[in-house]
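Student: Mind looking over this structure? Questions follow.
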Amino acid sequence: MLEKIWDEHVVQAPADGPTILYIDLHLVHEVTSPQAFEGLRLAGRSVRRTERTIATPDHNVPTTDRSLPIADPISRKQIETLRANCSEFGVTLFDIGDVRQGIVHVIGPENGYTQPGMTIVCGDSHTATHGAFGSLAFGIGTSEVEHVLATQTLRQFKPKTFELNVDGELPRGVTAKDMILYLIGSLGTAGGTGYVLEYTGECVRAMTMEERMTVCNMSIEAGARAGMIAPDQTTFDYLRGLPQVPTAFDEAVERWKQLPSDPGAVYDRSNSYQGKDIAPQVTWGTNPGQVRSIDDQIPSPGDFSDATEQKSTSNALEYMDLKAGTPIHDIPIQRVFIGSCTNARIEDLRAAASVVRGHRVNSDVNAMVVPGSGKVKRQAEEEGLDRIFKESGFDWREAGCSMCLAMNPDKLAPGERCASTSNRNFEGRQGKGGRTHLVSPAMAAAAAVAGHFVDIRGWNFSE
Amino acid sequence: MQKFTVHSGIVATLDRANVDTDQIIPKQFLKRIERTGFGQFLFYDWRFQDDGTTPNPDFELNHPQVEGASILVARQNFGSGSSREHAVWALDDYGFRAVIAPSFADIFFNNCFKNGLLPIVLPEAQVEQIFQRAAEHAPYTLTVDLENHLVRDEDGLKLSFEVDASRRHNLLHGLDDIAQTLQHEEKISQYEAARSW
Ligand code: SF4
């Protein structure tokens, strides 16, 4: 599949250097674009294809009352800069106040911009999300953002392919998030470097589009720039009727059906897994590969043979203030964050709501839900999910990245421990000194109620 | 873009694997809309104590022997995580010209070349050798010679490294990618005309 998409997009392939690859869709946000637009301006260049470029502010936006001006003057300036750049260069902007505003990786798919067979880039490493539709989607740096704005192409070396096949079924209560955390745990945070991961197998085929996005989203956490899943009927059904899909939809479907790898296609590497082996996952360390099953214990440096790994483990345990041998169940938490481009779509919110319905957030816990986009928020409110969250003691917020990276006012205090549905547990990611444990939405919701991690497989769901 | 041909400088070592770009430049400093001025915030959470201004004496870059260092040596998977090019701008602005490690994360690796910062991949054993020499002879100086693909010191250490020919060419001549690609403008237009979306 990678081969087919790649070949379709080659503008020029010199023998002695990177290929010039055409880019179909370029997503832009406020943090990684100002210097790129500035570069264009200094060189007197324009945006080559404004109709293939979509912008939205997400990283910096406050998730509280939107009628107030943004309190942080530097955040405000960055968002105003995006506004000014979009109007100067003629780029479509989904601004604060527009229901289409949201996390860039949520709004691309939900509006039908993201389609099978496309090349998609964004100055953001989680662009891998869009690969769930069978597109080649990857994150780029700001110099490359400028390159795409100016030329609608990128200079790229062709990556290798790595198949991750997960067969069988996931046990009840085990989600797409658990599956991808499990895979990252098995590959390590650099195991996918230089590859595009292609997820195959029965577990993947059985997933909804939103679940597939959760899986592809975290490909970068295994070091891979992109992850992809072959398009199928689930993909086409999801896309049908969305605002930006081709008007000749059935013809497009016929084209998209040609994309999946031919039977017997060879990958540069392949690994196989069984869905039944996967349990709900909780990260314990300071990178997403440091992850264990809920019924497991915190590891000790001595569990690893490699010296670098031992050192990373002891650094992580120190930062996380955890003792080797502690059962994961016993770790108390003070904060819960349900949100981010990994897990802030409607199905994620439904899953979390079904866990908290009829329960109260533990009195020691401060919990919040941040929908991935204005549309997700509206949908959730139509379904009454906001009421379930609010009644049980969650904060219900406006759309944005929020405490996934804590660039806006939503952050952890030093030493606070958080169950988070986001994708990175790096030191300080959610606030300096904050301690992040990555989990699925259902696991985060259950932890909010219990005040510590619990195995969702034994949860008492109330109607 | 600044050229890179041959550079000699003091080595700073960072004995950590998987150093992510969130550590290299924490998010609170990503709000600037310029490319410059990020060096002061490099490794901020490690470099400074909780007050944010007192240097943390335990952090490797704060050791007096590595003052003025321009070559950084670290462990595997350097630059993982977020795509933020600000990480490269911060290293560059601080004064680094080259980073040596057993492996790098993809996006970071690409970003380096766009800014005249040379990332060098050496086998783990050779990186270890540099770590040891740097520990024994601080301040330790290395010369990075891109023309001849060599890293060497004054005591006979000579390590060769590989770098893609086109990237090397661009670094040696300080060439800008966009201008180069725009030389193929006609091809891009032809491609656009031929595609039936
Ligand atoms: S939600 Fe988090 S990971 Fe996703 S784009 Fe925003 S900051 Fe990045």
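Student: Name the single residue that is surrounded by the most Cβ atoms within 10 Å (Cβ to Cβ) among those in segment A:5-27 being touching a Gly at 6+ places or on another chain (Cβ under 8 Å) and more than 9 Å from chain B (Cβ to nearest Cβ).
Tutor: Step one: filter segment A:5-27 for residues touching a Gly at 6+ places or on another chain (Cβ under 8 Å), giving A:5, A:8, A:25, A:27.
Cutting the leftovers down to more than 9 Å from chain B (Cβ to nearest Cβ) gives us A:5, A:25, A:27.
Values: A:Ile5: 21, A:Leu25: 23, A:Leu27: 25.
Per the criteria, the residue is A:Leu27.
Student: Condition check: within 23 Å of A:Val61 (Cβ to Cβ), crowded, with 19+ Cβ neighbours inside 10 Å and within 13 Å of chain B (Cβ to nearest Cβ). Does A:Gly428 satisfy that?
Tutor: Values: within 23 Å of A:Val61 (Cβ to Cβ): yes; crowded, with 19+ Cβ neighbours inside 10 Å: yes; within 13 Å of chain B (Cβ to nearest Cβ): yes.
Yes: the conditions hold for A:Gly428.
Student: Further question on the same structure: Could you count how many residues in segment A:326-375 are in contact with a His (Cβ under 7 Å, 6 or more places away or on another chain) and away from the ligand (no atom under 16 Å from the Cβ)?
Tutor: Step one: list which residues in segment A:326-375 are in contact with a His (Cβ under 7 Å, 6 or more places away or on another chain), which gives A:329-333, A:341.
Going one step further and asking which of them are away from the ligand (no atom under 16 Å from the Cβ), we end up with A:329-333.
Residues in segment A:326-375 being in contact with a His (Cβ under 7 Å, 6 or more places away or on another chain) and away from the ligand (no atom under 16 Å from the Cβ): 5 in total.
Student: Given the structure, is A:Asn85 in contact (Cβ under 8 Å) with a residue 12 or more places away in the chain and under 27 Å from A:Thr234 (Cα atoms)? Quick ask: steps written out before the conclusion?
Tutor: Numbers: in contact (Cβ under 8 Å) with a residue 12 or more places away in the chain: yes; under 27 Å from A:Thr234 (Cα atoms): no.
When the stated conditions are applied, A:Asn85 does not pass them.
Student: Just for helices (runs of 4 or more DSSP H) wholly inside segment B:66-153: which have at least 1 residues that are surrounded by fewer than 17 Cβ atoms within 10 Å (Cβ to Cβ) and without any contact (Cβ under 8 Å) to a residue 12 or more places away in the chain? Let's see the steps before the verdict.
Tutor: Details: elements: B:86-94, B:106-113, B:124-136.
It comes to B:124-136.
Student: If you take just the helices (runs of 4 or more DSSP H) that sit entirely in segment A:172-264, which of them hold at least 2 residues that are under 19 Å from A:Pro280 (Cβ atoms) and touching a Lys or Arg at 6+ places or on another chain (Cβ under 9 Å)?
Tutor: On the way: elements: A:176-187, A:202-205, A:209-217, A:233-239, A:249-256.
Those helices (runs of 4 or more DSSP H) span A:176-187, A:209-217.
Student: May I ask you to say which residue of A:Gly194, A:Gly168 is in contact with an Asp or Glu (Cβ under 9 Å, 6 or more places away or on another chain), surrounded by fewer than 24 Cβ atoms within 10 Å (Cβ to Cβ) and modelled with pLDDT of 95 or more?
Tutor: Numbers: A:Gly194 fails: modelled with pLDDT of 95 or more.
Checking each option against the conditions leaves just A:Gly168.
Student: Which residues, counting only those in segment A:404-415, are within 11 Å of the ligand (Cβ to nearest atom) and at pLDDT below 90? Walk me through it before giving the result.
Tutor: Here is the first cut: in segment A:404-415, the residues within 11 Å of the ligand (Cβ to nearest atom) are A:404-408.
Those that are within 11 Å of the ligand (Cβ to nearest atom) and at pLDDT below 90: A:Leu405, A:Ala406, A:Met407, A:Asn408.
Yes/no matrix, rows are residues, columns are (1) within 12 Å of chain A (Cβ to nearest Cβ); (2) not polar (S, T, N, Q):
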site	(1), (2)
B:Ala12	no, yes
B:Lys27	yes, yes
B:Ile33	yes, yes
B:Thr36	yes, no
B:Phe43	yes, yes
B:Phe48	yes, yes
B:Asp51	yes, yes
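Student: What pairs can you find where one residue is in segment A:322-348 and farther than 14 Å from A:Val439 by Cβ and without any contact (Cβ under 8 Å) to a residue 40 or more places away in the chain, the other is assigned to a strand (DSSP E or B) and away from the ligand (no atom under 16 Å from the Cβ), and their Cβ atoms are less than 8 Å apart, with a gap of 6+ or different chains?
Tutor: That search, which allows pairs on different chains as well, returns A:Ala324/A:Gln297; A:Gly325/A:Gln297; A:Thr326/A:Gln297; A:Pro327/A:Gln297.
Student: Considering only residues of segment A:83-121 that are among the polar types (S, T, N, Q) and within 16 Å of the ligand (Cβ to nearest atom), which is modelled with the highest pLDDT? Steps first, answer last, please.
Tutor: In the first step, residues of segment A:83-121 are kept if they are among the polar types (S, T, N, Q); the result is A:85, A:87, A:92, A:101, A:111, A:114-115, A:119.
With the extra rule that they be within 16 Å of the ligand (Cβ to nearest atom), the set shrinks to A:101, A:114.
Values: A:Gln101: 91, A:Thr114: 97.
Applying the filter and picking the extreme gives A:Thr114.
Student: Pick out the one residue from A:Cys401, A:Cys418 that is at pLDDT 95 or above, among the hydrophobic types (A, V, I, L, M, F, W, C) and within 16 Å of the ligand (Cβ to nearest atom).
Tutor: Values: A:Cys401 fails: at pLDDT 95 or above.
Selected residue: A:Cys418, the only one of A:Cys401, A:Cys418 that is at pLDDT 95 or above, among the hydrophobic types (A, V, I, L, M, F, W, C) and within 16 Å of the ligand (Cβ to nearest atom).
Student: Could you please find all residues in segment A:406-432 being of a type in the set (A, V, I, L, M) and touching a Ser or Thr at 6+ places or on another chain (Cβ under 8 Å)? Step through it out loud before you land on a result.
Tutor: First pass over segment A:406-432, keeping only residues of a type in the set (A, V, I, L, M): A:406-407, A:412-413, A:419.
A:Met407, A:Leu412 - these are the residues of segment A:406-432 that are of a type in the set (A, V, I, L, M) and touching a Ser or Thr at 6+ places or on another chain (Cβ under 8 Å).
Student: Looking at A:Asn362, A:Asn343, which one is at negative phi, within 25 Å of the chain's Cα centre (by Cα) and not charged (D, E, K, R)?
Tutor: Working: A:Asn362 fails: within 25 Å of the chain's Cα centre (by Cα).
Answer to the check: A:Asn343.
Student: Out of the residues in segment B:154-186 meeting the condition of being more than 27 Å from A:Glu38 (Cβ to Cβ) and either modelled with pLDDT under 90 or assigned to a helix (DSSP H, G or I) (or both), tell me which one is nearest to the other protein chains (Cβ to nearest Cβ). Break it down stepwise before answering.
Tutor: Here is the first cut: in segment B:154-186, the residues more than 27 Å from A:Glu38 (Cβ to Cβ) are B:154-165, B:168, B:186.
Within this subset, residues satisfying the condition of being either modelled with pLDDT under 90 or assigned to a helix (DSSP H, G or I) (or both) are B:165, B:168, B:186.
Values: B:Ala165: 6, B:Arg168: 10, B:Glu186: 10 Å.
Of everything passing the filter in segment B:154-186, B:Ala165 is nearest to the other protein chains (Cβ to nearest Cβ).
Student: Next question. Kindly provide the set of residues from segment A:387-405 that are touching a Lys or Arg at 6+ places or on another chain (Cβ under 8 Å) and either without any contact (Cβ under 8 Å) to a residue 24 or more places away in the chain or surrounded by fewer than 22 Cβ atoms within 10 Å (Cβ to Cβ) (or both), ordered by number.
Tutor: First pass over segment A:387-405, keeping only residues touching a Lys or Arg at 6+ places or on another chain (Cβ under 8 Å): A:388, A:392-393, A:396, A:398-399, A:403-405.
Those that are touching a Lys or Arg at 6+ places or on another chain (Cβ under 8 Å) and either without any contact (Cβ under 8 Å) to a residue 24 or more places away in the chain or surrounded by fewer than 22 Cβ atoms within 10 Å (Cβ to Cβ) (or both): A:Ser392, A:Gly393, A:Trp396, A:Glu398.
Student: Now for a different question. Name the residue, out of A:Lys160, A:Lys177, that is of a type in the set (D, E, K, R) and more than 14 Å from chain B (Cβ to nearest Cβ).
Tutor: Values: A:Lys160 fails: more than 14 Å from chain B (Cβ to nearest Cβ).
So the residue among A:Lys160, A:Lys177 that is of a type in the set (D, E, K, R) and more than 14 Å from chain B (Cβ to nearest Cβ) is A:Lys177.
The values are calculated or read from the model by the stated rules, or taken from the named source; none is laboratory data. Quick caveat: nothing in here was measured; it's all calculated off a predicted structure. Counting neighbours? That spans all protein chains shown, and the Cβs are built from the backbone with ideal geometry, glycine included.
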